[in-house]
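Here is the structure we will look at, set down as structure tokens.
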Amino acid sequence: MYNKKGFSLVEIMITVTVVLMLAAIALPTMVTHINRARGRACLMNLKEIDNAKSLYALDNNLAPGAPCSMNDLVPLYMQRDPICTAGGVYAPENVDAASGPTCSAGGHGSLQNGLAVPPRWTALR
């Protein structure tokens, strides 16, 4: 009887092919979910800035349209500057119910009247 040790080249090639096919299916989905998570993290940062801006305006009796900067918010109303996952910079804009804070990195959505509005994910459906 022939005593065979180890795997043949064909068996190894089939195994590698199956693993590569599974990776080809899983990786695009994983990248999509990572991008969605980054966008949602940015929206939550914008919401946090908007809440801090509202508290700042109430505490200081500011009228709508009054200027507001991150330096006004960070020491008292936020623990630290929020960090955008896409490397953008946040700007709180003026004190106003209609204009929300913005992020210099596009594509993450925005705040309109204090509500988070995510971008359309039509390309990812």
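Residues that are outside any helix (DSSP H, G or I), small (G, A, S) and within 17 Å of P101 (Cα to Cα): does region 32-46 have at least one?
We begin by selecting, within region 32-46, every residue outside any helix (DSSP H, G or I); these are none.
Among the residues of region 32-46, not one is outside any helix (DSSP H, G or I), small (G, A, S) and within 17 Å of P101 (Cα to Cα), which makes the answer no.
Of all residue pairs spaced 6 or more apart or on separate chains, those with beta-carbon atoms under 6 Å, a first member in region 86-102 that is surrounded by 20 or more Cβ atoms within 10 Å (Cβ to Cβ) and a second member that is at pLDDT below 80 are G100/L111. Pairing residues of region 33-54 that are without any contact (Cβ under 8 Å) to a residue 60 or more places away in the chain with residues that are among the aromatic types (F, W, Y) and not in a helix (DSSP H, G or I), at Cβ distances under 9 Å and at least 6 apart in sequence or on separate chains, gives N45/Y90; I49/Y90. Among the conditions (1) at negative phi; (2) more than 13 Å from the chain's Cα centre (by Cα), the only one that N35 does not satisfy is (2).
The values are calculated or read from the model by the stated rules, or taken from the named source; none is laboratory data. Since the model is a prediction, treat every value here as computed from it, not as a measurement. Neighbour counts are summed over all protein chains in view; Cβ atoms, including those assigned to glycine, are modelled from backbone coordinates with ideal geometry.
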